[in-house]
Amino acid sequence: MLWIPGIILALLSILLKVMEYRLLILDNDLALYGGAVALIFTVSGIFLGQKISEKGGQQNKVITEVNNVRESVIYSPESGLSKREFQILELMAEGKSNKEISEELFVSIHTVKSHASNLFEKLDVKSRTQAIVKAKTGKILS
């Protein structure tokens, strides 16, 4: 007995679809359907374009923020450090090892250690951590 309402609903649904087909497809002009399809593609294109540009905008924002951080750390001769010592101090502050610093700056590990030693002497410190703290408190690094 429960299948009778299901069959009635299915028949009514088929009847509505036949009437809809006759009213919409057979009685209307082809330009109407072309316009409807164009409208659907336009709206979906605008929607998808906004979603894609929002994701791209977030990525660009992160890159801009990273660049702004990089630009805020500028070498100053008044610090008493050479440009290379400043670069090494900056890379130390980023947490890079001597090997990583040597690879990034295209110098030997011995050269990095030599500059680091000079840097420690100029800042009057004994470790990387002390050098970074002193550079940040002394406004050498931001």
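Structure notes:
- If the condition is being surrounded by fewer than 16 Cβ atoms within 10 Å (Cβ to Cβ) and in contact with a helix residue (DSSP H, G or I) (Cβ under 6 Å, 6 or more places away or on another chain), then segment 125-142 contributes only Ser142.
- Condition met for Ile63 (assigned to a helix (DSSP H, G or I) and modelled with pLDDT of 70 or more): no
- Flag if Lys122 is assigned to a loop (DSSP other than H, G, I, E, B) and open to solvent by 60 Å² or more (accessible area, probe 1.4 Å): no
- Total residues in segment 123-135, condition of a type in the set (D, E, K, R) and touching a residue at least 24 places away in the same chain (Cβ under 8 Å): 1
- Looking only at residues of segment 101-119 that are part of a helix (DSSP H, G or I) and among the polar types (S, T, N, Q), we find that the one that is surrounded by the most Cβ atoms within 10 Å (Cβ to Cβ) is Ser102.
- Note on segment 85-122: residues that are touching a residue at least 40 places away in the same chain (Cβ under 8 Å) and in contact with a Lys or Arg (Cβ under 7 Å, 6 or more places away or on another chain) amount to 1.
The values are calculated or read from the model by the stated rules, or taken from the named source; none is laboratory data. Keep in mind it's a predicted model, so treat the numbers as computed, not measured. Methodologically, a virtual Cβ is constructed for each residue, glycine included, from the backbone with ideal geometry; neighbour enumeration extends over all protein chains shown. We work out accessible area using only protein heavy atoms, side chains counted, and drop any ligands, DNA or RNA first. Shrake-Rupley method; radii C 1.70, N 1.55, O 1.52, S 1.80 Å.
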